[in-house]
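The values are calculated or read from the model by the stated rules, or taken from the named source; none is laboratory data. Keep in mind the model is a prediction, meaning the values are calculated, not measured. No Cβ is skipped: glycine too gets one built from the backbone with ideal geometry, and neighbour counts run over all protein chains shown.
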Amino acid sequence: MDYEAVIGLEIHVQLKCATKMFCDCHNRPGDEPNQNICPICLWLPGAIPKFGREALEKATLTCLALNCDIQHQSAFDQKVYYYPDLPKGFQLSQFHRPLAKTGWLDIIGKDGAQERLRIHKIHMEEDVAKLVHETEGRTPISLVDFNRAGTPLVEIVTEPDIRSPHDAMEFIRALRTQIQYAGGSECSMEQGTLRVDANVSLRPCGTDQLNTKVEIKNMNSIRNIGDAIAYEIDRQARCLKAGEEIVLHTRLWDPEKGVTAPMRAKFEGPCVPDPSVPQIVISDEWLNEMRSRLPEMPGRKVERFVDQYGLTREQAVLMSSERELSEYFEAVVNQEIPACTVAHWIATQLLPALKERSQTFIDTPISAERFAGLLAMLERDEVNANSAKEVLARLFETDQTPRAIVEESGFRQVSDTAELEVLVDQVLAANPSAAEGFRNGRKKVLGFLIGQAMSVSQGKANPKLIREILIGRLS
């Protein structure tokens with residue numbers, strides 16, 4: 001029997017807020033353990049939570065970015081369960097009356113066609129503390145860091161519309177981009193501000209039944225999401241073909257072994273209305289204000305970059321993939337540099353250099369003005385492409401202008417025709433067989449001769465003029 005996968009995702013997104021959801025403690029991932037705590041986020045008896053406005057604003061922007069319908073009234077419940085990272089015995093979460101419902105995102109499927117994947121609901125909740133497992137001697141111990149306790153989250157629950165690991169990965173990529181654009185979260189899986197759980201089940205192809213699902217946790221990269229889902233689909237298919245029953249439970253992904261392993265039985269505790277946090281009432285006027293704060297979103301930006309700047313769709317998608325990247329791109333173009341040149345140099349030179357140095361467009365020393373200055377010299381043939389790459393590397397190491405680096409290091413391109421004609425004559429005299437080969441129809445020899453001229457000039461010759469002069473001489 002052939003099976004198809006039915007996949008739903010539960011995505012926890014840590015909101016980019018200055019403070020926690022129900023107190024004024026700093027929301028700073030990475031601080032020393034148990035520094036940002038108070039009676040409220042320690043959940044001490046008698047401490048009353050105070051809901052923060054910033055959490056609501058960032059959550060609403062996130063929901064709008066994902067095309068959701070914001071509910072005018074929502075409320076918090078007590079999601080009851082006990083675990084060492086939640087010693088008060090319940091988590092404040094919007095189980096019965098979520099902030100938003102019925103959203104969607106479009107992705108490009110494996111066959112190249114556009115697919116719309118639905119979002120069931122988005123609700124706010126507080127994060128729990130963090131358990132740190134260590135070994136002291138031969139004794140395993142568990143420590144609790146309450147810095148994360150009370151951090152503002154939204155949980156995004158999809159409909160079971162996803163059918164493949166590819167679609168799950170593309171959905172997370174699209175979701176991450178949308179939320180980052182809206183300013184709701186950093187959405188870093190490496191830092192834990194984006195955490196994804198997958199629910200996977202199988203059914204016979206052609207049916208619409210929903211069978212027993214298995215939850216997968218501990219996927220800390222988009223690639224791990226795809227690998228974990230692919231493995232679980234294969235594992236469940238083998239179980240079904242062997243006549244084994246699929247049991248509802250949670251499994252952990254082991255990226256080193258490439259397998260999922262049983263973690264625990266799936267348990268859903270009761271959820272009861274919380275009396276300490278008033279219900280949230282959203283007016284149309286406030287909601288319109290939030291909509292006005294949304295920037296131009298990636299889908300619209302791609303279309304504009306194609307229409308306004310003449311980029312290919314592939315270039316436009318890349319230049320719109322991050323908000324900071326798109327703003328940097330336009331800042332360079334606005335300094336009268338051709339858009340296709342900017343997109344090409346960002347894609348092939350600047351992005352790899354930033355990745356190599358673990359930098360972003362926010363913290364790199366190469367501002368849009370410095371980058372535009374370099375490309376302007378390239379456009380005016382003051383430097384050639386090879387020299388421009390050398391200058392770009394030095395821009396990371398000094399605060400000098402591109403022009404100062406060119407003048408100081410002797411990178412200025414030689415474009416004097418008379419000087420280049422002498423250079424070409426030297427190259428042809430040193431390579432008579434190559435020159436004769438070109439005249440006999442071996443056109444590929446031209447590249448060799450240009451290379452020889454560039455070598456003799458130590459990379460300073462204008463390759464366009466060298467090519468023109470060579471063709472003139474050889475013809």
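Structure notes:
- Applying the condition of being without any contact (Cβ under 8 Å) to a residue 12 or more places away in the chain and assigned to a helix (DSSP H, G or I) to the stretch 352-384 and asking which residue is farthest from E327 (Cα to Cα) yields E356.
- Tally of residues being charged (D, E, K, R), touching a Leu at 6+ places or on another chain (Cβ under 8 Å) and part of a strand (DSSP E or B) across the stretch 112-144: 4
- Criterion violated by Q400 - all others in (1) touching a residue at least 12 places away in the same chain (Cβ under 8 Å); (2) in the same structural domain as G373 (by TED's automatic domain parsing) satisfied: (1)
- Flag if D24 is over 26 Å from P275 (Cβ atoms), without any contact (Cβ under 8 Å) to a residue 60 or more places away in the chain and not β-branched (V, I, T): no
- Some residue of the stretch 440-463 being over 49 Å from the mean Cα position of the chain (by Cα), more than 20 Å from V406 (Cα to Cα) and free of Cβ contacts under 8 Å to residues at least 40 places away in the same chain: yes
- Residue match in the stretch 235-258 (condition: of a type in the set (A, V, I, L, M, F, W, C), surrounded by 15 or more Cβ atoms within 10 Å (Cβ to Cβ) and touching a residue at least 60 places away in the same chain (Cβ under 8 Å)): yes
- Any helices (runs of 4 or more DSSP H) falling wholly within the stretch 287-341 and containing at least 2 residues that are small (G, A, S): 323-333
- Residues that are within 21 Å of L374 (Cα to Cα) and either in contact (Cβ under 8 Å) with a residue 40 or more places away in the chain or in contact with a His (Cβ under 9 Å, 6 or more places away or on another chain) (or both), drawn from the stretch 307-330: Q315, Y328
- Residue check, T102 assigned by TED's automatic domain parsing to the domain that holds R203, surrounded by fewer than 17 Cβ atoms within 10 Å (Cβ to Cβ), of a type outside the set (A, V, I, L, M) and in contact with a strand residue (DSSP E or B) (Cβ under 8 Å, 6 or more places away or on another chain): yes
- Tally, over the stretch 436-458, of residues that are crowded, with 17+ Cβ neighbours inside 10 Å and outside any helix (DSSP H, G or I): 1
- Put simply, of I108, I119 the only residue that is in contact with a helix residue (DSSP H, G or I) (Cβ under 8 Å, 6 or more places away or on another chain) and of a type outside the set (F, W, Y) is I108.
- Wholly within the stretch 179-268, strands (runs of 3 or more DSSP E) carrying at least 1 residues that are over 25 Å from E155 (Cα atoms): 194-204, 259-265
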